[in-house]
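See below for the structure under consideration.
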Amino acid sequence: MKKLSVGIVGLPNVGKSTLFKLLTKQEVNIANYPFCTIDPNIGVVSVPDERLDKLAAMSVSEKKIPAVVEFYDIAGLVKGANKGEGLGNQFLAHIREVSIIVEVLRAFQSEEIIHVEHGVDPLRDLEIIDTELKLKDLDSKEKENLLATKKKIYLVNGEETDISEALKKRIAQEGSSYIVANLATNPDLPSLILRTYDVLNLISFFTTGEKETRAWTVVRGSKAPQAAGVIHTDFEKKFIRAEVINWQKLLEAGDWQRARAKGWIRLEGKDYVVADGDVMVIRHG
């Protein structure tokens, strides 16, 4: 499958670049004015997964390679972005490339940090961005990759008490979900990374051995040959079978050989649907 990419969007000065910095631990250009981030900063973030850690420890692997998500810090949208306001065309083009949107809504009050709309109102900000994406879609000839229909997670920058019932209702009507995080107080953000997996219906399977233990990402419902193709494109074409065991059963056995001796390793063919947490060895021609 193609790389998993997440676009961080929102109006200027709502906390987008702060979120990006917290996620990626990268130094980015955070300034108190709109349009300081014209080209999107891109950061690669590992997906937190205790299963990977435990399998790597069991195998005494030389390398541990997590699944990764690319986060794009996309500059702030403003009213009229669909017509090019605030370099809006460039920003909207960047959004088109990502798998999912994390839309940051500012709920915190601050006299020091200006708001481009002269006042904090996360519901109004949501509607502005939604309108801009829909208007841009009207001009688009690419009807398969519509901006307004991209899957979305809202990150409300503030406290739970800052969220109105109207905002909750609006997000629910859209079929989206939200996370509350006060970005000024070093929030726990792994839940955001894991939420992108849930929303995009993704799962992880693993390969493990002395050289490396690695997490691989597939869409839920993928069959064994498709999973093999994620490891290497030739493996999908030349797939014969997969040896499969649940990660917990493998840990219980202690290693692959003992799991095989117990009869816990299953041989699966081309129609096998990969489960979240499977550990696999691919046999191919």
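Structure summary
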read-out	value
Once the Cα gyration tensor of segment 174-272 is diagonalised, semi-axes √(5λ) in Å	32, 19, 12
Equivalent ellipsoid, segment 131-180 (semi-axes from 5 times Cα gyration tensor eigenvalues, Å)	27, 10, 10
Of 64/223; 64/168; 152/211, those spanning more than 32 Å from alpha-carbon to alpha-carbon	64/168; 152/211
Tail beyond 17 Å, pair distance distribution of segment 159-200 (Cα, percent)	43
Hydrodynamic radius by Kirkwood, which averages 1/r over all alpha carbon pairs of segment 221-284, in angstrom	11.8
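Here, each number is a calculation from the coordinates, and none is a lab measurement. Keep in mind it's a predicted model, so treat the numbers as computed, not measured.
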